[in-house]
Amino acid sequence: MSFLHSIQTPADLKPLDRDALKPLADELRAFLLDSVARTGGHLASNLGVVELSIALHYVFDTPDDRIVWDVGHQTYAHKVLTGRRERMATLRQTDGLSGFTKREESPYDTFVAGHSSTSISAALGMAVAAKLNGEARRVVAVIGDGAMTAGMAFEALNNAGAMDANLLVILNDNEMSISPNVGAMNSYLTRLLSGRFYNTLRRRGERLLANLPPIQELARRAEEHLKGMVTPGTLFEEFGFNYLGPIDGHDLDALIPTLENIRRLPGPQFLHVVTRKGKGYEQAEANPCLYHGVGKFDVADGIAPKSGARPTYTEVFGRWLCDMAAADARLIGITPAMCEGSGLTEFAQAYPDRYFDVGIAEQHALTFAAGLACEGYKPVVAIYSTFLQRAYDQLIHDVALQNLPVMLAIDRAGLVGADGPTHAGAFDLAYLRCVPNMLIATPSDEDECRRLLTTAYRHDGPSAVRYPRGTGPGAEIGSGLEALPVGEGLVRRAGAGIAILAFGSLVGVGLKVAERLGATLADMRFVKPLDRALVRRLAESHGHLVTLEENVVMGGAGSAVAEALAEMGLTPRLTQLGLPDRFVEHGDPAVLLARCGLDADGIERAIGAAMG
C-alpha cells in the first residue's frame, strides 16, 4: 500500500503522476474490501466508485470546490482520501465514523446524506451561492442512476438548467455491466465534446445565430440529432445541460481529461459515467444486491448463508404477505426500491403481477396505492419509517383524506443502529397519530406482529403497523391469519402502585422493570385508536403511570395517553419515556438505547427519579 499510505489529504494526490493513480486505485479498492469485511457496511457501491473518487479529488480543489454525494453510502473511498483512513476501523460503530457523509465529521463532507436524490438541489444552492459571492469555486453533484427515479432530482435539474450556474452533475450509472456504447471511441468523443475547441465553437455559433431564430432552432436540433446518434443525452440537453458521456467510470485515462475539460466550462454540465457495482470483488460483482449492505464477513469465502436463525420482523412480514395474498386476490404489494430490505422477494416471485417496485419514489408509491384502492384493491406499501417521511403529504391528502384502505408496513421503526440518524424511525408515531382516519399498531413480538398485520389489512381505512429492525424476543409464530380486536391492549403482568404502558419494541424491557418493581405491565398494542378503557382502569387503580415507546416523546404514544387522561379528568402521576429531543447518532442499538435511558436500568432510574 505504498501509494495509499502517502495520501493523507487530496492535496497529496496532486503531485502524483497519472500513471500512479491506477495502482493507487487498486490499493484503495483492496483496503476498502478488507475494511468493510471487518466492520460491515455498504460494499458494492463503494467498490464501484474508487476511480471516480480519485479522479474528482485529483482534478478539483477540494474542499474549496464542493463535491456533494447523493445518498452518501458510496463515500468510503472519499473518506479514505480525505484523511480518515485510520478511523475506518470504527466505521458505523458507536462514536466512530458515520457510514454516510456528515458535515461535522470533515470539511470535505459538504452535505449530510442518507436519503436519496438531494444532491442536485443542494449542489445547485451551493453553486448559486458561489455566483452571488463572486467566487470561482466549482460544485459537483454525484448521483446514482437509482436516485434519478425520484421526482426531486428532476425538479432540481429543471431549475438548474435555467440558472446558468457553474454546476456539474455526474450520473453514476452502475448497472451490472458496462453499456455497449462505452469504449475507446465513445471516450474519445466525450473528451472531444467536453474540450475547449468544441465548446468555444458552440458558443460562438449560438451568438452568431441569436438574431436568426429559425436557423438557430435548426442548428440546435441538428446538433442534438448528431449527438443523439452516439449518446442518450437528449433528455438532459432539454433541461438546459450540456450532456457528455457515457464514459467508463473505471478508466482514469478517460475520466481525468474529461473532468479537466469540464472544469473549465461555464454553466450547467452533465457527465454520464458508467461503473460496475462491486468492481474488483467477484462475489460482489456477481450479486451486488447481496453485497449492497453487509455485516462482517470473510473475504475469501464471501457472505455465509443464514442457518437456523430465528426470523426477523422483516421476514415475518414477508411470510405474512404471501399468506394473505393467497387468501385475498385483491392484495397488491408495493415497494419504493426496497424489495430485499422490506422482505418482498418471495412475494415478488410468487405474485409477479401483483408486485410493483416503483423505484425511489415514495410520494408516487403512496398516491399509486391510493389509485389502486379507489378501484377496489387492497394495497400494502412496504416502506422504511425514515423514507415514509418523504410521502407525508400524499399520506394525508391522497390516502387519509379519502379514507382509503392503504396499509403501511413500516419497517426500521425506532433506532436502527449503524445507519444512524438519517435512517432512524424516530418520528412515525408522532407524525401519523395526528392524521385523521389512521389506525396505528405497534407489535411487541413476532406473533403479535403477524396478527396486527392481519388486523390492519382488514381495517376499512388507512392503517400502519410499525416494527423494528432485526429480530424480536423469539415468540412462537402462528400460521393463521387471525386478527386482534382493534384498539384493545393487554395486561401482561398485574402489579400495584405503578403501571407501565409499553408500546411495541419496549414491551419486553418494560416487563423486566415491572418484575423488579412489582408493577403492572400493559402491552398497549395500538397507538390509535388508544385503549382508553384500559388507560382509565390503570389510572384509577395505580398512582403512577409510565409510558414507554421507541419514538420521540413529543407528540408520540405517551402524549396520546396524556391527552386521554386530561380528557377523562384523571390526574395520576405520569412519566413519559422515549427517545430524546435530539438526533441519536449511529452505533450499537443496545448502547444507544441505554444512552437514551431506555434499557431496564435507565427506565428504573427514571421511575425512581419521578417518584422522588
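The values are calculated or read from the model by the stated rules, or taken from the named source; none is laboratory data. Owing to the predicted nature of the structure, the values given are computational and were not obtained by experimental measurement. Counting neighbours? That spans all protein chains shown, and the Cβs are built from the backbone with ideal geometry, glycine included. In case anyone asks, the SASA skips ligands and DNA or RNA and just uses the protein heavy atoms, side chains included. Shrake-Rupley method; radii C 1.70, N 1.55, O 1.52, S 1.80 Å.
Quick look at the numbers
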| item | result |
| --- | --- |
| Residue list for the stretch 117-126, restricted to those being of a type outside the set (A, V, I, L, M, F, W, C) and open to solvent by 10 Å² or more (accessible area, probe 1.4 Å) | Thr118, Ser121, Gly125 |
| First in the stretch 64-91 and among the basic types (Lys, Arg), second anywhere and open to solvent by 10 Å² or more (accessible area, probe 1.4 Å) and assigned to a helix (DSSP H, G or I), Cβ under 6 Å, 6 or more apart | Arg66/Met126 |
| Scope the stretch 579-612; condition on the phi > 0 side of the Ramachandran plot and touching a residue at least 12 places away in the same chain (Cβ under 8 Å); matching residues | Gly587, Gly597 |
| Yes/no for Val513 being aliphatic (A, V, I, L, M), farther than 27 Å from Thr314 by Cα and buried (at least 24 other Cβ atoms within 10 Å of the Cβ) | yes |
| All positions within the stretch 399-431 that are under 10 Å from Pro462 (Cβ atoms), assigned to a helix (DSSP H, G or I) and touching a helix residue (DSSP H, G or I) at 6+ places or on another chain (Cβ under 8 Å) | Val399 |
| Complete set of residues in the stretch 132-182 that are at pLDDT 90 or above, assigned to a helix (DSSP H, G or I) and touching a helix residue (DSSP H, G or I) at 6+ places or on another chain (Cβ under 7 Å) | Met152, Ala153, Ala156, Leu157, Asn159, Ala160 |
| Top-ranked residue in the stretch 1-55 [being touching a Lys or Arg at 6+ places or on another chain (Cβ under 9 Å), β-branched (Val, Ile, Thr) and not in a helix (DSSP H, G or I); ranked as nearest to Val294 (Cα to Cα)] | Val49 |
| Any hit, the stretch 277-287, residues being open to solvent by less than 60 Å² (accessible area, probe 1.4 Å) and assigned to a strand (DSSP E or B) | no |
| Residues being on the phi > 0 side of the Ramachandran plot and either free of Cβ contacts under 8 Å to residues at least 40 places away in the same chain or polar (S, T, N, Q) (or both) - total across the stretch 403-434 | 1 |
| Gly497 being farther than 16 Å from Thr575 by Cα, small (Gly, Ala, Ser) and over 29 Å from the mean Cα position of the chain (by Cα) | no |
| So Ser45, is it on the phi < 0 side of the Ramachandran plot, crowded, with 22+ Cβ neighbours inside 10 Å and touching a strand residue (DSSP E or B) at 6+ places or on another chain (Cβ under 8 Å) | yes |
| Close pairs (7 angstrom Cβ cut-off, 6 or more residues apart or separate chains): closer than 16 Å to Arg525 by Cβ in the stretch 460-478, hydroxyl-bearing (Ser, Thr, Tyr) and open to solvent by less than 10 Å² (accessible area, probe 1.4 Å) anywhere | Arg466/Ser385; Arg466/Thr442; Tyr467/Tyr313; Pro468/Tyr313; Gly472/Tyr313 |
| Residues being open to solvent by 20 Å² or more (accessible area, probe 1.4 Å) and farther than 21 Å from Ala55 by Cβ - total across the stretch 145-160 | 8 |
| Some residue of the stretch 547-557 being within 16 Å of Pro468 (Cβ to Cβ), more than 29 Å from the chain's Cα centre (by Cα), at pLDDT 95 or above and open to solvent by less than 60 Å² (accessible area, probe 1.4 Å) | no |
| Scope the stretch 56-105; condition basic (Lys, Arg), within 23 Å of Lys279 (Cβ to Cβ) and part of a loop (DSSP other than H, G, I, E, B); matching residues | Arg92 |
| Close pairs (6 angstrom Cβ cut-off, 6 or more residues apart or separate chains): touching a residue at least 12 places away in the same chain (Cβ under 8 Å) in the stretch 274-294, open to solvent by 50 Å² or more (accessible area, probe 1.4 Å) and not acidic (Asp, Glu) anywhere | Val274/Ile178 |
| Checklist (1) open to solvent by 60 Å² or more (accessible area, probe 1.4 Å); (2) at pLDDT below 95 applied to Glu260, failing item | (2) |
| Selection count, the stretch 405-450, where residues are under 12 Å from Val465 (Cβ atoms), out of contact with any Gly (no Cβ under 6 Å at 6 or more places or on another chain) and not small (Gly, Ala, Ser) | 13 |
| Filter result for the condition that a residue is at pLDDT 95 or above and on the phi < 0 side of the Ramachandran plot, over Ile334, Ile303 | Ile334 |
| Within the stretch 504-530, considering residues that are in contact with a helix residue (DSSP H, G or I) (Cβ under 9 Å, 6 or more places away or on another chain) and charged (D, E, K, R), the one farthest from Thr454 (Cα to Cα) | Arg516 |
| Qualifying position, being modelled with pLDDT of 95 or more, of a type outside the set (Asp, Glu), part of a loop (DSSP other than H, G, I, E, B) and buried (at least 23 other Cβ atoms within 10 Å of the Cβ), among Pro468, Pro436, Pro485 | Pro468 |
| Qualifying positions in the stretch 561-612 - within 28 Å of Gly487 (Cβ to Cβ) and not hydrophobic (A, V, I, L, M, F, W, C) | Glu563, Glu567, Gly569, Thr571, Pro572, Arg573, Thr575, Gln576, Gly578 |
| Scope the stretch 533-542; condition in contact (Cβ under 8 Å) with a residue 40 or more places away in the chain and open to solvent by 50 Å² or more (accessible area, probe 1.4 Å); matching residues | Ser541 |
| Given (1) assigned to a helix (DSSP H, G or I); (2) in contact (Cβ under 8 Å) with a residue 60 or more places away in the chain, number of the condition Ala129 does not satisfy | (2) |
| Pairs where the first residue, in the stretch 251-270, is in contact (Cβ under 8 Å) with a residue 24 or more places away in the chain and among the basic types (Lys, Arg) and the second is surrounded by 19 or more Cβ atoms within 10 Å (Cβ to Cβ) and part of a loop (DSSP other than H, G, I, E, B), C-beta under 9 Å, 6+ apart | Arg263/Phe60; Arg263/Asp65; Arg263/Arg138 |
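Results for (1) touching a Ser or Thr at 6+ places or on another chain (Cβ under 9 Å); (2) among the small types (Gly, Ala, Ser), shown as yes or no for each residue.
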residue	(1), (2)
Pro23	yes, no
Asp26	no, no
Leu32	no, no
Leu43	no, no
Gly72	yes, yes
Thr75	yes, no
Arg84	yes, no
